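Inspection log for the structure reproduced underneath, given as structure tokens.
Taken together, the values in this text are just the output of simple stated rules run on the coordinates, not laboratory data. Note that the structure is a prediction, hence the values are computed from the model and not measured. Quick reminder, even Gly has a Cβ in these numbers, built from the backbone with ideal geometry, and neighbours come from all protein chains shown.
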Amino acid sequence: MSKPKPQPAAKFGKPVLLSGGNPQIPKGEGDAPVQAYLAAMPGWKQAVGRKLDKLIAATVPGVRKAVKWNSPLYGAPGQEGWFISFHCFTHYVKLTFFRGQSLSPIPPGESKSQDTRYFDIREDAEWNEAQLIAWIKQASKLPGEKM
């Protein structure tokens, strides 16, 4: 697997917010497009996004990053595909575990996709960071979703 070329931060310019406040960021591989996405997240969601990015990077050293379909994606080093993503909606940030049905315990949000599960983070809700880290560790060891 060839290593993707990192994208320069200047490529990303000033993003547009789509409905629900999700940043519209050009597709790109590496940390720069993810950081552009995080910087464009509106209000309280930006702190959530930055915390998720730090947790994922700390939990999975060498994690691969990209932005596709206006969402940051994270992949395990040395593997193809993606194990986790998130996306801004009006009242929450939706965390997507592409193989979430295989996690223990299974994340609460159901999906039309048989394998995918969601975890929604709302503005004033407390979330169990230890559980989130456990899910991230588990998810990073599963086959990634190819996109």
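Output the DSSP H helices from the chain with an along-axis C-alpha extent of no less than 20 Å and a mean Kyte-Doolittle hydropathy no less than -1.0. Write out the running numbers ahead of the final one.
Values: long enough: 44-59 (23 Å, -0.22).
Both cut-offs are met by 44-59.
How charged is the neighbourhood of Thr116? Take every other residue with its Cβ under 14 Å from the Cβ of Thr116, and add Lys/Arg as +1 and Asp/Glu as -1.
Numbers: positive: Lys94, Arg99, Lys112, Arg117, Lys146; negative: Glu110, Asp115, Asp120, Glu145.
Result for the neighbourhood of Thr116: +1.
Modelled label-to-label distance, Leu55 and Ile133, 7 Å Cα→beta-carbon offset: nm?
Spacing of the two 7 Å Cα→Cβ label points: 1.0 nm.
Please list, ordered by chain and number, the residues whose modelled amide H lies under 5 Å from the amide H of Met41; skip anything fewer than 5 residues away on the same chain.
none
Roughly what would the spin-label model give for Phe89 and Glu126, points 7 Å off Cα along C-beta, in nm?
It is 2.4 nm.
Can you work out ³J(HN,Hα) from phi for every residue in region 91-104, in order, using Karplus 6.51 cos²θ - 1.76 cosθ + 1.60 and θ = phi - 60°, giving whole Hz and x for Gly and Pro?
Karplus values, whole Hz, x for Gly and Pro: 10, 6, 10, 9, 8, 10, 9, 5, 10, x, 5, 8, 8, 10.
Where Lys and Arg each count +1 and Asp and Glu each count -1, what net charge lies around Gly21 among other residues with Cβ under 13 Å from its Cβ?
With Lys, Arg at +1 and Asp, Glu at -1, the net is +1.
Among 84-90, 119-125, how do they line up by average Cβ neighbours within 10 Å per residue, starting with the highest? Can you show the working numbers first?
Working: 84-90: 20.4, 119-125: 13.6.
With the highest mean Cβ count within 10 Å placed first, the list reads 84-90, 119-125.
Of Lys68/Lys94; Lys112/Lys141; Lys45/Lys141; Lys54/Lys137; Lys27/Lys54; Lys27/Lys141, which sit over 19 Å apart, Cα to Cα? Could you put the intermediate results ahead of the total?
On the way: Lys68/Lys94 15 Å; Lys112/Lys141 23 Å; Lys45/Lys141 27 Å; Lys54/Lys137 14 Å; Lys27/Lys54 21 Å; Lys27/Lys141 25 Å.
Over 19 Å apart, Cα to Cα: Lys112/Lys141; Lys45/Lys141; Lys27/Lys54; Lys27/Lys141.
Can you tally the net charge around Leu132? Count Lys and Arg as +1, Asp and Glu as -1, for every other residue whose Cβ sits under 15 Å from the Cβ of Leu132.
Details: positive: Arg50, Lys51, Lys54, Lys94, Arg117, Arg122, Lys137; negative: Asp53, Asp120, Glu126, Glu129.
Result for the neighbourhood of Leu132: +3.
Only Cα pairs under 8 Å and at least 6 apart count here; give the relative contact order of the chain as a rounded whole percent.
Working: 278 pairs, mean separation 29.1, N = 147.
Relative contact order for the chain comes out at 20 percent.
About its Cα centre, how strong a charge dipole does the chain have in debye, to the nearest 20, once Lys and Arg get +1 and Asp and Glu get -1 at the Cβ? Mind dumping the intermediate values first?
Working: 20 positive and 12 negative charges, 103 e Å.
Computed about the Cα centre, the dipole is about 500 debye.
From the phi angles alone, apply the Karplus equation (6.51, -1.76, 1.60; θ = phi - 60°) to region 110-120 and give each ³J(HN,Hα) in whole Hz, x where the residue is Gly or Pro.
Residue by residue, region 110-120 yields 7, 9, 5, 7, 4, 8, 6, 9, 10, 9, 8 Hz.
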